[in-house]
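Chemist: Please see the structure below; I have some questions.
Since every read-out is calculated from the coordinates, none of them should be taken as a lab result. The shown structure was predicted, so the numbers you read here are calculated from the model rather than taken from an experiment. We place every Cβ from the backbone using ideal geometry, glycine too, and count neighbours over all the protein chains shown.
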Amino acid sequence: MLDPSAVSSPESAVSGTAPAPETIAEAMRAIVGATACLTGDTDTEKYVTDYRGLYRGTASAVVLPTSTEQVSAVLAWCHAHNVAVVPQGGNTSLMGGAVPELNAQAVVVNLARMNQVLAVDPINDTMTLQAGVTLSSARVAAEDHARLFPLRIGSEGSCQIGGNVSTNAGGTAVLRYGNMRDLVLGVEVVLPDGRICSSLRGLRKDNTGYDLKHLFVGAEGTLGIITAVVLKLMPQPACTAVAFVAVTDPSAAVALLGVAKARAGQAVTAFELISGPAMTLVLDYLGNPVPPLAGNPEWMVLIELSGNADEEALTAELIEILETGINQSLVHDAAIAASGAQAQTFWKIREEISDAQTRTGGSIKCDVSVPLSRIAAFVDDASAQVRALVPDIRMVIYGHMGDGNVHFNPLRPAEAVAKPFLAEWYTRISGLVDTLAHAEQGSISAEHGIGVAKRDDLTTFKSKVELQVMWQIKQALDPKGIMNPGKVLPPLVQ
Ligand SMILES: Cc1cc2nc3c(=O)[nH]c(=O)nc-3n(C[C@H](O)[C@H](O)[C@H](O)COP(=O)(O)OP(=O)(O)OC[C@H]3O[C@@H](n4cnc5c(N)ncnc54)[C@H](O)[C@@H]3O)c2cc1C
């Protein structure tokens, strides 16, 4: 039996001494072949640098295996020789989770070549994929069988299904379909010592003890490498209706969501909040196209309904929702997409807000969730407190309000320079926002995970017992600490 008191301040470092980098590279070449084993700064650069360019590590080798057996052999060797392993999908993590630590002799295992759709079963409404299939290819594979795989995130062209499972990705359709955890029926995982643990069965009911797959969903590569998954498929909706809506304030947005759910129920697929400064920023990034709503409203929502009624009926339903919103003084302007192309344009505006911030030199990223009933108060309170610190800060606030998730990303005043501003304010402002979200019974990471960026914050925002249990699971599966060291789990404070 594990004694909780025995879990004392474990270090993130791998226990034992690793061989020299050349020895590691040679062993990896023997397993995956010379062309699938990259070494040297030039070839490994893009695999050791994170999406935002904030974290850069070192690796003895980057390997691109083509089979579960190769992944198993890589992990068995690294386990035997005390070598850190960093699983990597599309490397779109916003938390620095998919790149090695500095001065690490790590092996990065990138799943890009394990990109086969293994099976689509339209009767069982499931598909089985290797972990390296990109999210957009997974969606196309479902569409080819007249089915929907509903996960929708802005990075879908690059991120991989294995990465989506490992981060329990969310996105714009969680309101209706749930996050990745709700969409996974089975996983095949290579454990840190090389054993293969598979539940690729596609069952919706299986009460045969612990449901082990859930340990690996959201584990961010700290417990093993996911090599294949079985995902749920849904019926494809026949039509959608999309509108940009100017609302009075966040509390009007919450009330409008209530109106929409009461009128259209499950048809409400997405409900995204967007602040005026977020819209200004993204329109500038996109070359200033005609704004969807005139007069630069202070708050907007992007609503999508989808269903099996005909398009006219669905649009009529959306109009009724908006009319009720106007009558209740929640809504003061709206633009309904007149075509599929215009709906796509509306969504592009929403999807590009993340990259628009990166282009400006970066904002203070807080990916928080709070209960829907508290979200308006949270946004008001956090905005007021941040403005009290930096009056001209631009409130780039947007996100999946329908499921309680707000990307609260204050951007420096227009005249300030990015680097010194972030150096002075990042920790202070993100700490303040996280504290306010926590006080509202919220989470400091709604969907982006922990990685290295938020690792130490868990000491403040998770209970000691929760952290002890996390470490006990980690030590049971990965006693040598080779899997993605330095990520997710903060050292325990006694
Ligand atoms: C423009 C943009 C928009 C985004 N929008 C959203 C959004 O709306 N919602 C959202 O949730 N996220 C969003 N993200 C964040 C990111 O895309 C997701 O976290 C995504 O799920 C990561 O997938 P990936 O394949 O890129 O994983 P990576 O970045 O490569 O890895 C992420 C983590 O998972 C681990 N990992 C990767 N593959 C495996 C595997 N096969 N087995 C075990 N561990 C693995 C890594 O070690 C790392 O810890 C966005 C990112 C960008 C750049």
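Chemist: Work out the length of the dipole vector of segment 117-235 about its Cα centre, built from +1 on the beta-carbon of each Lys and Arg and -1 on the beta-carbon of each Asp and Glu, and round it to the nearest 20 debye.
Modeler: Value, rounded to 20: 220 debye.
Chemist: Using only the Cα atoms of segment 362-439, build the gyration tensor, take square roots of its eigenvalues as a ≥ b ≥ c, and label the shape rounded, prolate or oblate: rounded if a/c is under 1.5, else prolate if a/b is larger than b/c, else oblate.
Modeler: Verdict is prolate for segment 362-439.
Chemist: Another one. Using a 7 Å offset from Cα along Cα-Cβ at LEU215, what residues in segment 461-477 end up with backbone N under 18 Å from the label point?
Modeler: Only 466-477 fall inside the zone, counting backbone N under 18 Å.
Chemist: Size of the chain along its principal axes in angstrom, Cα-based, largest extent first?
Modeler: 69, 55, 47
Chemist: While we're looking at this one, here's another question. Considering only Cα-Cα distances, which of the following residue pairs are longer than 23 Å: LYS261/LYS462; LYS46/LYS474; LYS464/LYS487; LYS365/LYS462; LYS365/LYS474; LYS46/LYS213?
Modeler: Flagged as over cut-off: LYS261/LYS462; LYS46/LYS474; LYS365/LYS474; LYS46/LYS213.
Chemist: In Å and whole numbers, how far do the C-alpha atoms of segment 250-305 stretch along each principal axis, longest first?
Modeler: 37, 20, 15
Chemist: Where the centroid of each part is defined by its Cα atoms, how far is segment 68-110 from segment 439-475 in Å?
Modeler: 22 Å
Chemist: Here's another thing I want to ask about it. Grab the beta carbon distance between ALA377 and VAL140, set R0 = 30 Å, and tell me the FRET efficiency rounded to 0.05.
Modeler: Plugging the Cβ-Cβ distance into 1/(1 + (r/R0)^6) gives 0.15.
Chemist: Which value, to two decimals, describes the C-alpha radius of gyration of segment 184-314 once divided by 2.2 N^0.38 Å?
Modeler: Segment 184-314 yields a ratio of 1.52.
Chemist: Calculate the dipole size of the chain relative to its Cα centre from +1 charges on Lys and Arg beta carbons and -1 charges on Asp and Glu beta carbons; express the result in debye to the nearest 20.
Modeler: 780 debye
Chemist: Amide H neighbours of TRP299 under 5 Å, at least 5 residues apart or on other chains, H built in the peptide plane: list them.
Modeler: Those lying under 5 Å, H to H, from TRP299 are VAL247, GLY276.
Chemist: Okay, next question. Using 0.36 nm per residue, how much length does the chain from ASP333 to GLU26 gain when fully extended, once their Cα-Cα distance is taken away?
Modeler: So the chain would gain 104.2 nm between ASP333 and GLU26.
Chemist: Turning to a different aspect of this structure: Can you pull out the GluC sites (Glu not before Pro) in segment 356-456 that DSSP calls coil and that have at most 16 other Cβ atoms within 10 Å?
Modeler: Listed in order of number, the matching sites are GLU415.
Chemist: Something else about it: Taking +1 at the Cβ of each Lys and Arg and -1 at the Cβ of each Asp and Glu, which of ALA98, THR269, GLN468 sits farthest along the dipole of the chain towards its positive end, judged by Cα position relative to the Cα centre?
Modeler: In the chain, that residue is GLN468.
Chemist: Another question, then. When a/c reaches 1.5 or more, the comparison of a/b and b/c decides; with that in mind, is segment 239-354 rounded, prolate or oblate per its Cα gyration tensor?
Modeler: Oblate, because a/c is 1.5 or more while a/b does not exceed b/c.
Chemist: Measure out, as a whole number of angstrom, how far apart the alpha-carbon centroids of segment 11-47 and segment 344-361 sit.
Modeler: A separation of 36 Å, based on Cα centres.
Chemist: Treat every Asp and Glu Cβ in segment 239-354 as -1 and every Lys and Arg Cβ as +1, leave all other atoms uncharged, and give the resulting dipole magnitude about the Cα centre to the nearest 20 debye.
Modeler: The calculated dipole for segment 239-354 is roughly 160 debye.
Chemist: How big is the gap, in Å, between the Cα center of segment 139-155 and the Cα center of segment 315-338?
Modeler: The two parts, judged by their Cα centres, are 29 Å apart.
Chemist: Further question on the same structure: Please report ILE473, ILE274 as a ranked list, fewest other C-beta atoms within 10 angstrom at the top and most at the bottom.
Modeler: ILE473, ILE274
Chemist: I would also like to ask the following. Given only helices, namely DSSP H runs of n ≥ 4 each adding -39500 (n - 2.57), what is the per-residue ellipticity at 222 nm of the chain, to the nearest 500 deg cm²/dmol?
Modeler: For the chain, the value works out to -10500 deg cm²/dmol.
Chemist: Follow-up. What range in the chain is the longest one free of trypsin sites (Lys or Arg not before Pro) that are in a loop by DSSP and have at most 15 other Cβ atoms within 10 angstrom?
Modeler: Longest run free of exposed loop sites: 206-494.
Chemist: If you take the beta carbon distance between VAL117 and ASP43 as r and set R0 to 35 Å, what does 1/(1 + (r/R0)^6) give as a FRET efficiency, to the nearest 0.05?
Modeler: With a Förster radius of 35 Å, E is 0.80.
Chemist: Additional query: List the DSSP H helices in the chain whose Cα atoms stretch 15 Å or more along the helix axis and whose mean Kyte-Doolittle hydropathy is at least 0.0.
Modeler: Correct list, ordered by number: 21-32, 68-80, 250-264, 311-327, 375-389, 418-439, 464-477.
Chemist: Residue separation times 0.36 nm, minus the C-alpha to C-alpha distance between SER198 and ALA238: what's the value?
Modeler: Using 0.36 nm per residue and subtracting the Cα-Cα distance, I get 10.9 nm.
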